[in-house]
Amino acid sequence: MKSKLASPLKSMEQGQLEQPLAHQQPPQHEMGFSLLTLIGFLFLTFNSVMALYRSDRDIPTIAFVVFSYVDLVLLFYCLRLFERTPPESPRRHHIKTAVWLLTAMLTAVFSYKVAAIMPFPVKVLVWAMAGATVLGGFYTFFLHSEQKKPNEG
């Protein structure tokens with residue numbers, strides 16, 4: 001019975017792996033983004049405005065909120081560009097670099113805010129986790145090959 005279940009599953013996985021990426025892109029809408037995306041950005045904007053309102057004119061808090069908002073908007077924009085760029089385009093590597101930098105900066109800013117209220121041993125742990133995340137992202141994006149090696153079958 002296991003062999004009957006395993007073979008259709010294996011053939012489905014093989015079929016999905018063999019499909020080109022161009023056929024797996026989500027359908028495009030007239031405006032270029034979905035209603036769910038619009039709702040997400042409205043929610044992000046509303047929360048950012050509320051955080052600014054409640055900041056009581058504290059400059060570091062205002063800077064944190066504005067930086068985080070701009071970073072997230074740029075990150076989502078770059079991810080959208082990355083999805084739309086053909087895999088063979090040299091521009092794709094530049095967009096991937098921008099995505100990694102934006103993600104690394106966001107990780108550093110949030111780690112700074114979290115570490116500021118923690119005792120020293122936890123600060124060390126927070127920064128170690130942030131460093132591992134940024135370095136892991138760098139490894140995944142730039143050093144780990146997405147292509148099959150010649151000796152793999």
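Each label point is 7 Å from the Cα along the Cα-to-Cβ direction; what then is the distance between the points at Asp56 and Phe110, in nm?
2.6 nm
Can you pull the Kirkwood radius for the stretch 33-143, inverse mean 1/r over Cα pairs, to one decimal in Å?
Final number for the Kirkwood radius of the stretch 33-143 is 15.9 Å.
Show me, for the stretch 73-87, the HN-Hα J-couplings you get by feeding each phi into the Karplus relation (A = 6.51, B = -1.76, C = 1.60, θ = phi - 60°), rounded to Hz, glycine and proline as x.
Per-residue couplings from phi come out as 4, 5, 4, 5, 5, 5, 5, 5, 4, 4, 5, 8, 7, x, x Hz.
Quick one: 3J(HN,Hα) in Hz for the stretch 55-72, Karplus 6.51/-1.76/1.60 with θ = phi - 60°, rounded, Gly and Pro as x.
6, 6, 6, 7, 4, x, 5, 4, 4, 4, 5, 5, 4, 4, 5, 4, 4, 5
If R0 is 22 Å, what FRET efficiency do you get for Glu88 and Phe142 from their C-beta distance, rounded to 0.05?
Once the sixth-power term is evaluated, E becomes 0.80.
Using 1/(1 + (r/R0)^6) with R0 = 25 angstrom and r between the beta carbons of Leu101 and Phe41, what's the FRET efficiency to the nearest 0.05?
So the FRET efficiency works out to roughly 0.75.
We did not get these values from a lab; they are worked out from the coordinates using the rules stated. Everything quoted here is computed from the prediction, not taken from an experiment. Every residue, glycine as well, gets a Cβ built from its backbone with ideal geometry; the counts of neighbours run over all protein chains shown.
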